[in-house]
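Report on the following structure.
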Amino acid sequence: MAKISLILDTRKSSRKTDGTYPISLSVYHVKTRYLSLGHSTSILGWDQANTKLRKSVACNKGLRCEEIDTELEDKLYQAKYLLRELGNSLRHLDVNGLIELIKDRWNDNIKSEIKKKVENNISLEDWGEVLIERKRSANKPGTAKWYSNGIAALEKFNKGKTIRLYEITVSFLRNFEAHHLGMGNSKNTISIYLRAVRAIYNSAIEEDRFVPLKNAFETYKIPSGGRTRKRARTKENMNGIKELAYPAGSILWHARNYAMIMFYCRGMNFIDLVQVKVGHITDTHIYYGRSKSDKPLAVKIVPQLREILDFYIVGKRPGDYLFPTNYDGSTEHYQKYKSQRRRMNERLKIIAKDAGIEGKFTTYNIRHSWATIAKYLGISTELISEALGHSSLRTTQVYLKDFDNDVLDEANALVVA
């Protein structure tokens, strides 16, 4: 696969008599060749991370840095766009032939800025709608809504005007962040919006619908949300919930059972719980797929779990839903599921109070509680990640941040005692 990038050619043979090095196009196609772009600077004068000249460095003082940077970006863009146009035809070229075609493209009279706006004109909303429709078709209404909210937030910031993907620059993203912080919005909120936008942006690149001069998200870092305290509950808290004596068949009795099933199933998500069918349960395991990632999971049925399951299985066929919520995962019934989740959380609030648990307690807390209790028992983060069905270890590490801080506090208490 051919690759093109802007570099400072610091090879010894390229060093000029004044001590500077040429700014070049690195062209890789089986072999690497360097194509000088007619400008040079010192090692200190070149910002490789942003592929720009450093205006403050002495050797660049007499240069028109912004004009040169624009010229370099234009040439890089034209070269990358040429790669896209060539497609499979590249296999008929060697690296020298590719360089000649790049030179020919640079000599073309069509201005690169016009090319960018005419041929690279897809908007965030246009490509976002493609992805939203895909997610709806795949019964992923939550992800579709996430994309939609991200697009709406950026367009509102842009005063309702359409945003072309090439207009999403580092400066644009930083201004968006500053605007929301100034409004009093949290970094969590900003992160949710911009992670959705980044997913749309990168998808357009991956599917060859957009060729950026530079990926804005490779330089701009989405702010990390502040830590949410007290999500996880202790094992004693969960045992307290288990021991609550509600009248059999009452609303709170069922809600308590659902909570304990989620806990016994390694912190199962509520959206996955309500889609469990009787046929997913064997003598030894519950088998289900995570709605968020489609990752298949198998959970061994412990005796406490079997006792609860047996009550709900009686009289049902394999194709029946285990619980009366019976959400089928479709976009059509997603609002119904959200109402069910809201009612479940209202009941968990009462259950937590009855168990003497202070603070917020929701279906999400159950998942965090399982992870944190497992960590306290010495189970590795890698195994916890696998148990939760996370697609990356990083997600699990976010779950366990509070645990790490508590351990440090305990260590400090021992040291200073």
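Just so it is clear, none of the values below were taken in a lab; they were calculated from the coordinates. Please read these numbers as outputs of a predicted model, since none were measured by experiment. Please note: Cβ atoms are built from the backbone with ideal geometry, for glycine as well, and neighbour counts cover all protein chains shown.
Give me Met262, Met1 ranked fewest to most by other Cβ atoms within 10 Å of their Cβ, as a rough exposure proxy.
Taking fewest neighbouring Cβ atoms as first place, the list is Met1, Met262.
To the nearest ten degrees, helix 334-354 and the longest principal axis of the Cα atoms of the chain are 60 degrees apart. Distance from the Cα centroid of the stretch 273-352 to that of the stretch 9-59 is 60 Å (rounded to whole angstrom).
Please give me the summed charge of the neighbours of Arg54: other residues whose Cβ is under 13 Å from its Cβ, Lys and Arg +1, Asp and Glu -1. Working shown, then result.
On the way: positive: Lys52, Lys55, Lys61; negative: Asp47, Glu66, Asp69.
For residues surrounding Arg54, the net value is 0.
For the stretch 86-97, 3J(HN,Hα) computed residue by residue from phi via the Karplus equation (6.51, -1.76, 1.60; θ = phi - 60°) reads 5, x, 5, 5, 4, 5, 8, 10, 9, 5, 5, x Hz, glycine and proline entered as x.
Considering only alpha-carbon pairs that sit under 8 angstrom and 6 or more positions apart, the relative contact order computed for the chain is 12 percent. Measuring against 26 Å, Cα to Cα, the residue pairs Lys292/Lys338; Lys16/Lys75; Lys159/Lys360; Lys140/Lys336; Lys235/Lys353; Lys159/Lys336 contain Lys159/Lys360; Lys159/Lys336 as the ones spanning a longer distance. Charge tally around Ile384: other residues with Cβ under 10 Å, Lys/Arg +1 each, Asp/Glu -1 each, net 0. Against the chain, whose longest principal axis comes from its Cα atoms, helix 251-264 is set at around 50 degrees.
Dipole magnitude for the stretch 290-364: computed about the Cα centre from +1 point charges on Lys and Arg Cβ and -1 point charges on Asp and Glu Cβ, it is near 240 debye.
Relative contact order of the stretch 9-67: what whole-number percent is it, with Cα pairs under 8 angstrom and at least 6 residues apart?
Numbers: 73 pairs, mean separation 13.0, N = 59.
Once divided by the residue count of the stretch 9-67, the mean separation gives 22 percent.
Dividing the mean sequence gap of close Cα pairs (under 8 Å, 6+ apart) by how many residues the stretch 8-160 holds gives a relative contact order of 14 percent. Using the average count of surrounding beta-carbon atoms within 10 Å as a protection proxy, the listed peptides 149-162, 237-250 rank, highest first, as 149-162, 237-250. Residue-wise HN-Hα couplings along the stretch 77-83, as the Karplus relation 6.51 cos²θ - 1.76 cosθ + 1.60 with θ = phi - 60° gives them from phi, are 4, 4, 5, 5, 5, 4, 4 Hz; Gly and Pro carry x.
Could you work out [θ]222 nm for the chain from helices alone, using -39500 (n - 2.57) per DSSP H run of at least four and dividing by all its residues? Round to the nearest 500 deg cm²/dmol.
Working: 17 runs with 213 residues, N = 417.
Computed ellipticity for the chain at 222 nm equals -16000 deg cm²/dmol.
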